[in-house]
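Just so you know, all these numbers are worked out from the coordinates, no wet-lab data involved. Computed from a prediction, not measured in an experiment: that's the story for all the values here. Counting neighbours? That spans all protein chains shown, and the Cβs are built from the backbone with ideal geometry, glycine included.
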Amino acid sequence: MNTFKAYLKKEMLESWRQYKYLLLFIGIILFAILDPILLKLLPEILKSKINGDLASLIQIDIKSAVQNYIKDLNQVTLLIVLLTLMGSLSDEISSQKLIFPYSKGANLSSIVIAKILHYAVTISIFIIFGFIINYYYAVTLFSENIIAFKNVLISAALISIYYFFVIILLMFLSSIFKKGVLAALLVLMLHIISALLVNIDKIAKFIPYNLISLANSFTTENILTTIFSVLLYCIILSLLTIKNYKNNTFA
Amino acid sequence: MIKVFNLTKKYGNYEVLKGISFEIEKGTIYGLLGRNGAGKTTTMNILTGLIDYNRGEIYINGKMLDKNKRKPLEEIGYLPESPTFYTYMTGSEYLLFISKIRGIPYKKAKKEIDKLLDLVKLKEAANKKIQTYSRGMKQKLGLAVALLDNPEIIFLDEPTSALDPESRYDIFNQILEMKKNGKTILLSTHILSDAERVCDYIGILDKGKIIFSGKIKELKQKYALPIYDIVFENLPHNIKEKLNNVKWIADIKIKNDTVSIYINDIELAKKNILSELSKLDIPVISLQQRENTLEDIFIRLVKQNEYI
Amino acid sequence: MLNKLSNPELIKLILPLFIIQLGLTVFSIYRLSKDKVKYLPKWAWLLIIIFGEILGCIIFLTIGRERE
């Protein structure tokens, strides 16, 4: 418990001093504001470029504005999150920063758990905050096809769980390869591959990426299978990360 | 205090440590000597519980250091060769962070950190970020970290190898101070004069084996051989061949103008050195006898080890 | 539609975006002037920060700076 508390505080200090909070905040919140505004301005821009009739074909409503934010969350934002977090675990292994804490009795499992929970909670807070802002903008700028705020919050929770999985996957791959860039690239590849696999109906509900599809459709039907399987993957990957960490850190 | 018996460590098929054994008494300084790559850091990392070992037994303070039990390690402090920190923290923040890991209450930790920073002469830089520290300052901070929570046993891996003379002097004084306070210290170095300066006992580690372990004095008694340093008017180039088959000469080394003759039988040497020299028929400027240094002994032992 | 654009309501909505963009750019340039950089010379990073807008700033802040 001592190690967990010490490392939680250390992660907070690190994220503050290395501007990780700032980067995550911008990477997540920015598009919540930017997307609806761009969508609002798009017809105007098009109108001045092409003739007016075409612009009126683009129909943007509240639902599609939020969906556009979800799209950005699993594209640009994912990139920014990976860029920001990729060095977090591998740096500690490769530059032997753990020797002092470990030789003074730090518990490696607590270090890994503190790291994962810190980033998961931070990103979840930003994502929920992002969805609230995005919803506000969407409702203010557009009028048709309204969706309930409750459903937007559920989408926020689903995306948060997906990010929780991404963080653990990144940590797991970092603990194997000890190179942050490589781990981040692999996460990105798996993300893209699973975006394709999710189209196969039979396995879709066991694929983490399905969380994004569910968030995008604003349904609450059949979401539990996916949530539970992702949480199961998270637990397994965390345990494997801890195991790798113990075996690889000083060898 | 520390007992190591038949310790073996393999990386794949390569045996880094081939069954080393040594013992360190409480309140003494033991120096692990060896060339780079001899296995010093590996030994340190095993004794501090950082890495596993393949075979052998280790007892720290009477308790066995098992692969999975880290209990005996609560008594140790370790300063690795190039200490790394979270450099966005300040020196005192880092010490506070380590205190938290050990569960020392805030007020007590604050007090101890102040004391330690004073001891390692880092008070002025205590509130500066570690990324601005010089190599010597990092070493001092590392020493403070190792000393935190008053461990009984302290491991120092090459504590002075990258330091300027002044920081080196400081670190040595602190090591001697620690000994005064009853600490048991294991330090590794490849600088022999350093070992001679502070160590009570030394172990010479070469190619994964301990080829000597004991007091420096014993080492010298056992292996000290007299050396004749001779300065000739003109340096004879074929002197090695000429003296090659003289029985009491162990080795000949030529450095600048001086020819050093290593003796293995001092009585014979005393009787015959002058006659051998006169046979050469070259004017001699000076002839001096001296004891060999730790460095000479070290080189000879390591050389012997090569033929085994 | 056009008259809606000049609506102060819309300006109020765009303002946070503008502040984030400006603040991040100023902050990145400040860090660029103080920190050591990696991979590219400083002038190249400056171009990335200014013309890469928000993404340029983020790339500079995440991989462009020497941490130690």
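Just a few scattered comments:
- Beta bridges per DSSP, both residues in chain B: antiparallel share near 70 percent.
- Ordered by the number of other Cβ atoms lying within 10 Å of each residue's own Cβ, fewest first, A:Ile168, A:Ile125, A:Ile62, A:Ile154 fall into the sequence A:Ile125, A:Ile154, A:Ile62, A:Ile168.
- Angle of helix A:180-197 to the longest C-alpha principal axis of chain A, folded into 0 to 90 degrees and rounded to 10: 50°.
- Normalised by 2.2 N^0.38 Å, where N is the number of residues, the C-alpha radius of gyration of chain A stands at 1.12.
- Karplus-derived 3J(HN,Hα) values for segment B:196-203, using 6.51 cos²θ - 1.76 cosθ + 1.60 with θ = phi - 60°, are 5, 5, 10, 7, 8, 10, 9, x Hz; glycine and proline are entered as x.
- In this structure, the pairs whose alpha-carbon distance is over 21 Å, taken from B:Lys40/B:Lys215; A:Lys9/A:Lys179; A:Lys115/A:Lys205; A:Lys104/B:Lys207; B:Lys110/B:Lys180; A:Lys9/A:Lys71, are A:Lys9/A:Lys179; A:Lys115/A:Lys205; A:Lys104/B:Lys207; B:Lys110/B:Lys180; A:Lys9/A:Lys71.
- Three-way shape label, segment B:225-290, alpha-carbon gyration tensor, a/c 1.5: rounded
- Estimated distance in nm for a label pair at A:Ile236 and B:Gln131, the labels positioned 7 Å out from Cα along Cα-to-Cβ: 4.0 nm
- Among the trypsin sites (Lys or Arg not before Pro) in segment C:9-38, those located in a DSSP loop and surrounded by at most 16 other Cβ atoms within 10 Å of their own Cβ are C:Lys36, C:Lys38.
- Cα centroid separation, segment A:62-99 to segment B:120-161: 35 Å.
- Restricting segment B:59-158 to GluC sites (Glu not before Pro) that sit in a DSSP loop and have at most 15 other Cβ atoms within 10 Å of their own Cβ leaves B:Glu124.
- Note on chain B: helix-only mean residue ellipticity at 222 nm, from DSSP H runs of 4+ residues weighted -39500 (n - 2.57) and normalised by residue number, equals -11000 deg cm²/dmol.
- Of the residues B:Phe172, B:Gly208, B:Tyr53, the one whose Cα sits farthest toward the positive end of the charge dipole of chain B, with +1 on the Cβ of Lys and Arg and -1 on the Cβ of Asp and Glu, is B:Tyr53.
- C-alpha long axis of helix C:8-34 to longest principal axis of chain C, angle in °: 10 degrees
- Each stretch of four or more DSSP H residues adds -39500 (n - 2.57); spread over every residue of chain C, this sum gives -22000 deg cm²/dmol at 222 nm.
- ³J(HN,Hα), Karplus 6.51/-1.76/1.60, whole Hz, each residue of segment B:40-57, x for Gly, Pro: 5, 5, 4, 4, 4, 5, 6, 5, 8, x, 6, 10, 7, 10, 8, 9, x, 10
- C-alpha long axis of helix A:108-141 to longest principal axis of chain A, angle in °: 10 degrees
- Farthest toward positive dipole pole in segment B:225-290 [+1 Lys/Arg, -1 Asp/Glu at C-beta], among B:Asn264, B:Leu243, B:Ser286: B:Asn264
- Here the extension length gained between B:Arg300 and B:Val231 equals 22.6 nm, from 0.36 nm per residue of separation less the Cα-Cα distance.
- Global form of segment B:122-195, assessed from the alpha-carbon gyration tensor, a/c cut-off 1.5: oblate
- Percent of beta bridges antiparallel (DSSP, the protein assembly as shown, rounded to nearest 5): 70 percent
- Order of A:Val198, A:Val139 - criterion: other Cβ atoms within 10 Å of each residue's Cβ, fewest first: A:Val139, A:Val198
- Geometric descriptor of the protein assembly as shown, per residue, is 223 Å³ (volume of the convex hull of the Cα atoms).
- Here the simple spin-label model places points 7 Å from the Cα toward Cβ, and for A:Ile176 and A:Tyr136 these points are separated by 4.2 nm.
- Alpha-carbon centroids, segment B:172-226 and segment A:219-244: separation in whole Å: 55 Å
- Rel. contact order, % - alpha carbon contacts under 8 angstrom, at least six apart, segment B:225-290: 52 percent
- For segment A:135-227, applying the loop criterion from DSSP together with a ceiling of 14 other beta carbons within 10 Å to the chymotrypsin sites (Phe, Trp or Tyr not before Pro) yields no site.
- Its alpha carbons considered, chain C gives a radius of gyration followed by a Dmax of 15.7, 53 Å.
- If only the Cβ of Lys and Arg carry +1 and only the Cβ of Asp and Glu carry -1, the dipole of the protein assembly as shown around its Cα centre is close to 860 debye.
- Ordered by the number of other Cβ atoms lying within 10 Å of each residue's own Cβ, fewest first, B:His237, B:His190, A:His118 fall into the sequence B:His237, B:His190, A:His118.
- Its Cα centre serving as origin, segment A:2-249 has a Cβ charge dipole (Lys and Arg +1, Asp and Glu -1) of approximately 940 debye.
- Scattering from segment A:14-119 was approximated by placing one identical point on each alpha carbon and applying the Debye formula without solvent; log10 I(q)/I(0) at 0.22 1/Å stands at -1.16.
- Translational diffusion of segment B:205-249, estimated by Stokes-Einstein from the Kirkwood radius over alpha carbon pairs at 10 °C in a medium of 1.306 mPa s, is 112 µm² per second.
- Relative contact order %, chain A, counting alpha carbon pairs below 8 Å whose residues are six or more apart: 26 percent
- nm² value of the averaged projected area, convex hull over the Cα atoms of chain B: 19.5 nm²
- Applying the Karplus relation 6.51 cos²θ - 1.76 cosθ + 1.60 with θ = phi - 60° to segment A:28-39 yields 3J(HN,Hα) values of 9, 7, 3, 6, 4, 8, 4, 4, x, 5, 4, 5 Hz, where x marks Gly and Pro.
- Chain B, relative contact order [Cα under 8 Å, separation at least 6], %: 20 percent
- When the convex hull of its Cα atoms is viewed from all sides, segment B:92-223 shows a mean projected area of 9.3 nm².
- Dividing the helix sum by the residues of chain A, where each DSSP H run of 4 or more adds -39500 (n - 2.57), gives a mean residue ellipticity at 222 nm of -27500 deg cm²/dmol.
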